[in-house]
Structures are given as structure tokens and as C-alpha cells.
Amino acid sequence: PGTTAHLAEIFVGRCFDKSTVADCNAWWAAFNQVVADVDPLSVTAASFDPYFAIANFSTPVDKAMFWSGSQYYVHQLSDAGLRYFTMEDTVGGFVQNGLHWCGSSSGYNYTSCPPGFRNTTTDTWYGAELAFWQHASTTFARQATGRVSVLLGSPYGGSAYRNSSFFALYELPNMNTSLVTAIDVYVITNGTERCGSGSLVALVQDIKHHLGLTPSCYDNPDMVRFILCENNGAPSAQCQFANEFSESS
Ligand code: NFD
């Protein structure tokens, strides 16, 4: 993706809009300190520690919603935090969602950023933006409390639960076993990827392993199908309310 022009203005403006951070300019300065004038490939998650000390990721009990492969639908569903709280509904995620940035030898590179990469041995992302999300995902997951949810899509026919995803790498493993009491898994199915088959088998195992919980799993539940119906000019395969109602009448 291209980089974001007017980064400082958007960041500070979004921060003021949420109005839960005491000093938005000081928060920008903490971000700037890490990213500006710095080689993006030298930035790691730990670089953002001072920045994240200011960011607020707290989430109402029973509302945290994680997601993977469903970036578009999940925010329709969460409804800006009214129904669920995704990371992007916290101020820490809100100010950064959808922005693309990296430093250069003179401030920011407003043309392009090098692709980030993960050192799998040290589990460290290099590349400022991905390092940022590694830290953000970890922080968000650590404080999730009560009943938590995850919405999984399988874009392009891939797996719904991928062990290279941020959800698998930094969210599920960082949930606190003494804070999380239940997990609901919502799947936007594509045929092979559905509760009890495909990658959902591994997800259940990993949830048991990390949290000692057996999740509840739902294929295309009504709340998800409503969103799928609402957003498709032509009804999607999963949007079948009309058929059901006409068959039963
Ligand atoms: P996804 P996920 N390289 O749909 N989160 O589980 C590059 F360049 O596959 C939120 O990984 O699900 N970009 C955001 C990547 C970002 C790569 C990251 C990669 N290898 C994590 N992998 C956000 N708001 O932007 C992932 N991305 C980027 C948290 C790319 O922008 C959320 O709390 C893609 O569109 C959520 O629970 C986006 O991450 C979970 O982690 C999502 O990738 C979603 O990450």
C-alpha cells in the first residue's frame, strides 16, 4: 500500500476525536521519536514501549473481538465499539488503523516503505509498521477480559486460522488465562473452512492448549449473515435469509 500523507495531522486529529488521551501532541511526539529519521528495518516492537505506555487499549468486559481475514466485515459488526470492541475501537488501534508509514533519513518516507519481515527464531518483526502491530496485538490481547470473540474469514479460499497470522502469533498466546473465561468463534464459512473442519480443528486445539477452554463455534451466525447481506449488492452465498423465509411460508 502507498504511504499516508499528512500523517501527523491525521494521527493528532483522530486522537483528539477519541478524546481519551490527555495530551495528543505528546503522544505524537512519542511516536515520532521512534519512527522519524530512523531506518524502518531497525525498528522492532520493543522500540514502541514508551509509545504504548501512553496508548490505551482497555476493553469492556465480554466485548473484546479478535479477527483474522475479516478486516472489512469485523468493523461493520463491532459497530464502532457498540456491539463488540476490536483493537481498532480502542484509541490505541483507532489512531493507526489503515495508516501506512515509515521513517527515512529525513523524517518520513512519503513514497514507499520496505516490506517488513519476521525473524522466526527471535519472533521479531522488522519494519516499523508491522513491529507496531506486533506490539499492539500483544497489548490488546493481554487485557481482554471475560467472554471474548473472534471473527474469522478465509479470503481467497485460504485457511480461516493461519499460524502466520497476528491473531495466531500474538493474540491467542497472549490472552490471560485468569482473565479470559470463554471464547466464541464465528466463522464466515467457505465450504471447507467451517466449525470442526479445516483449520478450525487446529484452532480448537490451540485454544485448549493456551487457555484450557473449549470454544463455542458458529458457522455464519445470523448476526454475521446480516452484515454479509447488508454489504453485498448481489446476495453472497452466505446470505440466505430470503430463501429460508420463502421456503417456510
Ligand atoms: P489478517 P491477522 N505483512 O486479516 N491486527 O490475524 C503485511 F505487510 O491476515 C490489526 O494477521 O489478520 N501486513 C491490524 C500484514 C494489523 C501481514 C495487524 C504481513 N505479513 C494486526 N500480516 C490492523 N488494524 O491493521 C498482517 N498484516 C496486516 C490485529 C495487513 O494490514 C487485530 O486485533 C492486514 O490487512 C486482529 O485481531 C491486517 O494486518 C488481528 O490482529 C490483518 O491481517 C488481525 O491480524
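Tabulated data
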quantity: Complete set of residues in the stretch 134-154 that are outside any loop (DSSP other than H, G, I, E, B) and either buried (at least 21 other Cβ atoms within 10 Å of the Cβ) or in contact with a His (Cβ under 7 Å, 6 or more places away or on another chain) (or both); calculated: Gln134, His135, Ala136, Ser137, Thr139, Phe140, Ala141, Val148, Ser149, Val150, Leu151, Leu152
quantity: Single condition Gly92 does not satisfy, out of (1) near the ligand (Cβ under 10 Å from one of its atoms); (2) at negative phi; calculated: (1)
quantity: In the stretch 69-82, residue nearest to Pro155 (Cα to Cα) [restricted to those that are touching a residue at least 24 places away in the same chain (Cβ under 8 Å) and more than 10 Å from the ligand (Cβ to nearest atom)]; calculated: Tyr73
quantity: Residues within the stretch 45-72 that are in contact with a Gly (Cβ under 9 Å, 6 or more places away or on another chain) and part of a strand (DSSP E or B), tallied; calculated: 3
quantity: Any chance Thr86 is within 22 Å of Pro215 (Cβ to Cβ), polar (S, T, N, Q) and crowded, with 22+ Cβ neighbours inside 10 Å; calculated: yes
quantity: Residue satisfying all of: in the stretch 155-184; surrounded by fewer than 17 Cβ atoms within 10 Å (Cβ to Cβ) and within 13 Å of His209 (Cβ to Cβ); farthest from the ligand (Cβ to nearest atom) among these; calculated: Thr177
quantity: Lone unmet requirement of (1) surrounded by 12 or more Cβ atoms within 10 Å (Cβ to Cβ); (2) of a type outside the set (Asp, Glu); (3) at pLDDT 95 or above for Pro235; calculated: (3)
quantity: Yes/no for Thr122 being away from the ligand (no atom under 11 Å from the Cβ), out of contact with any helix residue (DSSP H, G or I) (no Cβ under 6 Å at 6 or more places or on another chain) and at pLDDT 95 or above; calculated: yes
quantity: Hits in the stretch 109-128 - residues which are outside any loop (DSSP other than H, G, I, E, B), surrounded by fewer than 21 Cβ atoms within 10 Å (Cβ to Cβ) and not polar (S, T, N, Q); calculated: Phe117, Arg118, Tyr126
quantity: Pair list, Cβ under 6 Å, 6 or more apart: the stretch 154-165 residue closer than 18 Å to Tyr218 by Cα and among the polar types (S, T, N, Q), other residue modelled with pLDDT of 95 or more and within 9 Å of the ligand (Cβ to nearest atom); calculated: Ser154/Gly69
quantity: Of all residues in the stretch 39-83 being of a type in the set (S, T, N, Q) and under 19 Å from Leu179 (Cβ atoms), the one that is surrounded by the most Cβ atoms within 10 Å (Cβ to Cβ); calculated: Thr59
quantity: Any chance Ala55 is out of contact with any Pro (no Cβ under 7 Å at 6 or more places or on another chain), at pLDDT below 95, away from the ligand (no atom under 11 Å from the Cβ) and on the phi > 0 side of the Ramachandran plot; calculated: no
quantity: Subset tally (residues that are of a type in the set (Phe, Trp, Tyr) and in contact with a Phe, Trp or Tyr (Cβ under 7 Å, 6 or more places away or on another chain)) for the stretch 1-19; calculated: 1
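The values are calculated or read from the model by the stated rules, or taken from the named source; none is laboratory data. Note that the structure is a prediction, hence the values are computed from the model and not measured. When we count neighbours, we look across all protein chains shown, and the Cβ atoms used for this are built from the backbone with ideal geometry, even at glycine.
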